Every structure is written in structure tokens, then in C-alpha cells.
Amino acid sequence: MQQKYPINPRLKKKRKAILSLFGLFILVGGVMAGAWQLKVVREFFGQASGVPANLVVDTSAILGPMPRPWRNLAQGGEDHNWRIDKLTQPVAALQPEYIRLDHIYDFYDIVQGTPGNITFDWTKFDLIIDDILKTGAKPYVALSYMPPAISSGDILAYPVHWSDWQLVVQKTIEHLSGTKGIRDVYYEVWNEPDLFGSFKYYGDKNYLTMYAYASAGAKNARGVLPFKLGGPAITALYKNWFDAWAKACVSNQWRCDFFSWHRYSTNLDQFAEDMALVKEWVQAYPQLEPTLEFQITEWGHDSENNAGYDSQYSAAHTVAGAIAMSNRVERAFAFEIQDGKDPEGKNYWGRWGMFTHNDFGATSKPRYRGLRMLDSIADQRLQITGLGSWVKALAARNDLGETELIIANFDAKARNSELVPVTFLNIEPGEYTLSKEFLGGTKQSQQLATSAAVLRAEIFMPANEVAKVKLTKN
């Protein structure tokens with residue numbers, strides 16, 4: 001959700017302290033009317049402060065391959081029997097490593113029969129799995145929701161017999177990791193259990209009970225290639241959920257390969273902060289710490305419909321957020337690939353998708369194009385410092401020896417524009433071309449020269465803009 005920055009109430013109580021600042025404003029800007037001054041001062045101190053970027057790229061400091069946590073995508077429950085077939089090529093262009101699906105049991109009619117007497121039909125499910133494989137990705141499957149054939153109520157209820165749920169998990173793993181022969185599939189037990197089903201980690205509707213039987217099903221799977229089992233895909237990172245899950249995994253020796261959660265935030269630092277926290281928490285569980293993976297299996301700027309998803313606002317957030325996660329988060333699944341259909345028939349309705357609904361042409365949105373620009377950066381990661389509160393950047397050297405940058409200026413309030421200084425260190429003296437391509441469509445180039453090993457430039461970044469910059473020696 002968008003962050004709000006309320007006026008500090010102490011300013012109201014300490015009017016004398018505020019008024020003492022007027023002298024400074026007089027020196028800088030001249031004498032102003034007292035009432036207007038007070039309004040300006042309050043607005044100034046009420047807004048969040050930030051640090052402008054001052055980028056410094058060491059063109060000789062190659063840090064290794066470029067981490068790409070953004071090469072993971074997710075799709076939610078928009079349409080029954082949803083397919084990627086009309087989007088295979090544009091999705092493949094993002095080079096996804098994994099595509100996450102939820103709603104598999106209530107959308108693809110996998111489980112047939114009645115409680116205690118079930119059969120399996122993989123026909124519809126295999127169509128979407130084959131679509132995923134055609135993009136070059138592997139499936140990341142959220143084991144959700146409760147198959148109607150075995151549920152004691154709706155799709156968010158417990159099963160009539162826990163043995164049925166255990167068998168469903170077992171057969172799902174045997175089908176994908178066995179019959180389909182797909183290596184390293186991730187199986188995530190449920191999707192947002194704290195929201196969908198109002199599960200707790202205790203009491204009468206305990207998520208851990210569901211996880212226990214899923215773990216037993218995974219243990220019983222036969223004839224399968226290596227796979228991963230984990231969860232719980234909670235709506236945000238909560239320590240009480242992590243501790244309850246970790247303690248239960250250790251004490252019961254359940255299969256637990258990864259811990260997952262979702263994060264929707266306009267605070268770009270939140271994603272890395274989550275990762276730092278959970279890696280601190282896991283130290284209390286030495287049995288898990290060496291191998292447990294941590295993954296953000298949905299992320300975006302708002303968990304609700306938001307007009308920003310149809311504009312460059314979301315593109316800037318996605319690129320800046322992915323940069324903030326780089327080298328800190330292994331996998332983060334951008335939610336989602338394609339819009340559902342608006343009940344009112346609108347083409348753009350603030351839905352999370354990178355593409356509009358098929359009925360409106362499956363048209364790409366700025367967020368998709370921003371991810372493509374981000375992923376176009378070269379693979380030899382260079383050292384870059386001086387990132388700011390709003391402006392984030394990555395640097396790399398390509399196979400031609402050129403220096404590339406991806407720069408994103410995300411501001412939740414759409415106010416911050418910056419003339420960003422960029423210093424290139426350890427370059428050969430000579431003449432250079434600095435080319436700039438902006439997501440908004442503008443292309444620019446300028447000629448620069450230096451007789452030293454340092455070259456300086458400035459790049460104007462409007463609010464919520466993304467740019468790819470390339471420095472080429474003439």
C-alpha cells in the first residue's frame with residue numbers, strides 16, 4: 001500500500017521552534033507573510049525526506065553474473081482454464097525461470113469423485129503446464145484451493161478426509177515430477193492461508209494440519225525427480241507464522257525446503273528488509289538454516305486494484321523494486337501476467353496484469369515493457385554506488401565492452417524528478433557516446449570526452465521514468 005507521511009504533531013506543540021527557522025528562510029528566499037510561512041514550513045517538514053542519487057560506476061569492477069530475481073512470474077485466479085498460449089512469445093521474451101499458478105484444484109478439474117473415492121484427470125491442467133514449458137519456464141505450483149470433490153464445504157474448507165488431501169498432493173507431485181518428467185518443480189502448500197480460509201497456525205482451523213498431510217503426501221511420492229515443498233505464502237512476512245511453521249517442521253521432521261510470503265508495498269526497501277529479517281529469524285533453527293530457501297511469491301505496489309498498474313507508475317515501481325532486490329532476494333514473483341475481465345467491460349481497470357485481457361487484445365502494459373528493458377541489461381555486473389531514496393540503478397558490461405545502466409526513478413507521490421549525476425571510473429581517455437532510451441519513448445544521445453580515467457554526465461529522470469543508458473567509446 002502507498003505510504004503516508006503525516007505531519008509530525010510535535011511541530012504543532014513547538015510553534016516557537018518552528019518560528020525560529022524563519023530567519024533561515026528569510027536569508028534564502030526573502031521575507032514572506034507570516035501565515036503563508038507557517039504553511040510552507042509545515043508542508044516542508046510533513047513530507048518524507050529522501051536522498052538524491054549520485055551514481056558512481058566502476059567500469060573495471062566486475063562483480064560476477066547479474067542476479068535476476070525478477071525472472072519469476074505469477075498468475076492468480078482470473079479465469080477458469082486460463083492459458084498462456086496467446087502470450088507465449090511475449091512471456092518467453094522475459095526469460096522467466098518459474099511461473100507460479102494458484103487455483104489449480106478449483107480451476108482445472110483435476111480431482112474427480114467423492115470423499116474417500118477419488119480419481120484424477122490431468123487433461124486441462126496439462127495444457128497450462130505445457131504452456132509454461134513453452135515459455136522456457138518451469139511450474140511453481142501453489143497447492144490450492146481445496147478440491148470441491150473432497151471438501152467439507154467450499155474451496156477454502158478442510159477436506160472431509162485428510163487422507164484425500166494427502167493423496168491429492170502425492171498424485172500432483174507424481175504427475176508433474178514423475179509422469180511429466182519436470183525437474184525442480186516447487187510445490188507451495190496453499191495460497192495466502194491467513195486470508196483465503198482464515199487459517200491460523202493454531203486452533204480449530206490450523207494451517208499446520210494441512211501442511212502436515214501435504215508433507216506426508218510428498219514423502220509418499222514415488223518415481224519422481226527432485227522437487228521442493230514449502231509454504232505458507234502468507235499475505236506478508238510475519239514472525240509468528242514463521243516461528244510456528246519452523247518449530248513444527250523441526251519437531252515433526254516435515255519436508256520443508258522453502259518459506260514463502262507476499263509483499264505489496266511502495267517502500268522499495270521493504271523487500272530487502274523482509275529478507276534480512278527472515279534470515280535472522282532462521283538462525284534460531286539450525287536444523288533448517290543451511291538449506292532453507294526464502295521466496296517472495298507475489299509482489300507489487302498494491303494488493304488491491306490500482307490505476308497505477310495500467311501506467312508507468314507500476315513500471316517504475318517494478319523496475320526499481322527489482323533492482324532493490326537484486327543480490328538480496330533469490331526469487332520474487334511479479335503478480336501477475338494477465339488481467340482478468342472487468343465486470344463492467346473496461347479495457348484498463350487497474351488490474352495487476354502485465355497484459356490486458358484476451359478480449360481486449362492481450363495488449364502489453366508499461367510494466368511488461370519495463371521488465372523487458374530491465375532484463376536487457378548485460379550479464380557482467382559492475383559495481384555501482386550512490387543509489388538514492390527514489391532513484392535505483394544497476395550497471396553492467398556487455399560483450400562489446402560497453403557500460404550499460406538501467407535507471408528507475410520511482411516516487412509513490414509522482415513528484416520527485418532528478419538530474420542524476422553519473423560518474424564513470426577507470427575508463428580509457430577518449431571520446432564517448434552516451435545513449436539514453438526512456439520507457440516513455442524518448443531517445444537521446446550526447447558526445448562526451450575525457451583526457452583522464454574519469455567521465456561525468458548528468459541524466460534527467462522525471463518521476464516514475466525508467467531508462468537504459470549505454471556508454472560507448474567512439
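Nothing in this text is a laboratory measurement; each read-out follows from the coordinates by a stated rule. Just so you know, these numbers come straight off a predicted model, no measurement behind them. So basically every Cβ, Gly included, is an ideal-geometry build from the backbone, and we count neighbours across all protein chains shown.
Each of Ala362, Pro462, Ala284 was scored by the projection of its Cα onto the charge dipole of the chain, and the greatest displacement toward the positive side belongs to Pro462; charges sit on the C-beta of Lys, Arg, Asp and Glu. Treating r as the C-beta distance of Gln447 and Asn398 and R0 as 22 Å, the FRET efficiency rounds to 0.65. Tell me the angle of helix 123-134 to the major Cα principal axis of the chain, expressed in degrees between 0 and 90 and rounded to the nearest ten. Helix 123-134 sits at roughly 30 degrees to that axis. Think of each Lys and Arg Cβ as +1 and each Asp and Glu Cβ as -1; about the Cα centre, that makes the dipole of the chain roughly 1600 debye.
Once the chain from Asn81 to Lys473 is taken as fully extended at 0.36 nm per residue, the excess over their C-alpha distance is 136.0 nm.
I need His357, His317 ordered by Cβ neighbour count within 10 Å, fewest first.
Values: His357 21, His317 26.
Taking fewest neighbouring Cβ atoms as first place, the list is His357, His317.
In plain terms, if you count all Cα to Cα distances in the range 116-250 and split them into 10 Å steps from zero, the share in each step is 12, 42, 35, 11, 0 percent.
Among 198-205, 265-272, what's the highest-first ranking by average C-beta atoms within 10 angstrom per residue?
Working: 198-205: 14.0, 265-272: 18.2.
With the highest mean Cβ count within 10 Å placed first, the list reads 265-272, 198-205.
The C-alpha atoms of the chain define a longest principal axis, and helix 162-174 lies at about 70 degrees to it. Think of it as helices only: each DSSP H run of n ≥ 4 in the chain is worth -39500 (n - 2.57), and spread over all residues that comes to -8000 deg cm²/dmol at 222 nm. Take every pair of alpha-carbon atoms less than 8 Å apart whose residues are at least six positions apart; their mean separation over the length of the range 72-375 yields a relative contact order of 15 percent.
Projected onto its three principal axes, the C-alpha set of the chain covers 82, 61, 52 Å, listed from the longest axis down. Ranked by the mean number of other Cβ atoms within 10 Å of their residues, highest first, the peptides 131-137, 462-468 come out as 462-468, 131-137.
On full extension of the chain, what length is gained from Lys200 through Asp126, given 0.36 nm per residue of separation minus the C-alpha to C-alpha distance? Could you put the intermediate results ahead of the total?
Numbers: separation 74, 0.36 × 74 = 26.64 nm, distance 3.23 nm.
Here the segment from Lys200 to Asp126 would lengthen by 23.4 nm.
With R₀ fixed at 35 Å, the C-beta to C-beta distance from Lys341 to Gln383 puts the FRET efficiency at about 0.15.
Spin-label pair Thr119-Gln287: with each label point 7 Å from Cα along the Cα-Cβ axis, the two points sit 4.1 nm from one another.
Please report the antiparallel percentage of the DSSP beta bridges confined to the range 72-375, to the nearest 5. Taking every DSSP beta bridge with both residues in the range 72-375, the antiparallel ones total about 15 percent.
Placing pseudo-labels 7 Å out from each Cα toward the beta carbon at Arg369 and Lys413 gives an inter-label distance of 2.8 nm.
Of the residues Thr235, Thr318, Thr356, the one with the fewest other Cβ atoms within 10 Å heads the list, and the complete ranking is Thr235, Thr356, Thr318.
Just want the ordering: Asp184, Asp411, from fewest to most Cβ atoms lying within 10 Å of their own Cβ.
Details: Asp184 14, Asp411 22.
Neighbour counts put them in this order, fewest first: Asp184, Asp411.
Would you please give the FRET efficiency between Tyr238 and Asn426, computed as 1/(1 + (r/R0)^6) with r the Cβ-Cβ distance and R0 = 41 Å, to the nearest 0.05? Please list the in-between numbers first.
On the way: r = 45 Å, r/R0 = 1.10.
Step by step, r from the Cβ atoms, then E = 0.35.
For the chain, the longest principal axis of the alpha carbon atoms and the long axis of helix 312-325 meet at an angle near 80°.
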